[in-house]
Amino acid sequence: MTIELQRPHRWDLAPYEAQQTQLALASAVVTEDDFGPVHLVAGIEVAHSRFSDQLTVAVAVMRLPEMVVVEKRVVEYTTRFPFIPDLVSFREVPAIVEALAQLRATPDLLIVGAPGVAHAKGLGTASHVGVVTGIPTIGCARANSVGSFVEPEIGAGSVSSLVWQGEIIGVVYRSKNRVAPLFISSGHRVSRDTAARLVREQCHGYRFPEPLRHASNLLNENRQSSRVVAG
């Protein structure tokens, strides 16, 4: 599949150029609902280290309402962009775009295991990939990089607000009893409330929504197979 990027930019940017690009892309993020029927949802997870230029992207595409996996992709990618905390998306997004380009069909929605607008500059990986591709996107991170919150109650379904500089930037959602909460935020073309609802509807008793859970499992399987080959 060919991805027709809506707001393409160079990937071979110097950090100071990336900062300027980041500002421009952040201003293009849409945090209101702007999407139609959702039939295909892709969960996306990225694994990498600040000490390596190698990234692994796992994509699991599920069909709704059956919630069955219809396509999987794992892509290895070499980045030249350095590890800079506020600019991590410039390492991850080109790898994600490459993985999406290998899918047979364009997903109607992306759930990315990374922040959306819940980011110091308003452009986490989920928002970045959403703006670049134009695909409606949700950020669903394991931890918060910015903001403060009141710990949700220990029971599944408990929520609180993630607040940064006096504004609510995300939802802190406990998806399962006594497990660490998820940090949900608008990525692009999906409102905060709708993002939280869609994640909640797709958790199915697990900590993560099903597309993201399957993508995470793909990453784990890839690590294990790599160890076997290396041994």
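Values in this text are rule-based calculations from the coordinates and carry no lab data. Quantities reported herein were computed from a predicted structural model and do not represent experimental measurements. All Cβ positions, even for glycine, are placed from backbone atoms using ideal geometry, and neighbour counts span all protein chains on display.
Charging the Cβ of each Asp and Glu at -1 and of each Lys and Arg at +1, and nothing else, the dipole of the chain about its Cα centre rounds to 520 debye.
Peptides 131-138, 30-37 ranked from most to least packed by the mean count of surrounding Cβ atoms within 10 Å: 131-138, 30-37. Applying 1/(1 + (r/R0)^6) with r as the Cβ-Cβ distance of Val38 and Ala14 and R0 = 45 angstrom yields a FRET efficiency of 0.75.
With contacts defined as alpha carbon pairs under 8 Å and 6 or more residues apart, what's the relative contact order of region 66-215 in percent?
Relative contact order of region 66-215: 18 percent.
Considering the zone a paramagnetic label at Arg80 would reach in this model (a point 7 Å from Cα along the Cα-to-Cβ line), which residues of region 9-27 have amide N under 19 Å from it? Only 9-22 fall inside the zone, counting backbone N under 19 Å. Label-to-label distance for Val179 and Glu66 is 2.5 nm, based on points extended 7 Å past Cα in the beta-carbon direction. The residues packed around Tyr173, meaning those with a beta-carbon under 13 Å from its beta-carbon, carry a net charge of +3 if Lys and Arg are +1 and Asp and Glu are -1. Using the Cβ-Cβ distance between Asn220 and Arg197 with R0 set to 25 Å, the FRET efficiency from 1/(1 + (r/R0)^6) comes to roughly 0.35. Highest mean first, the peptides 5-14, 75-84 sorted by other C-beta atoms within 10 Å per residue fall in the order 75-84, 5-14.
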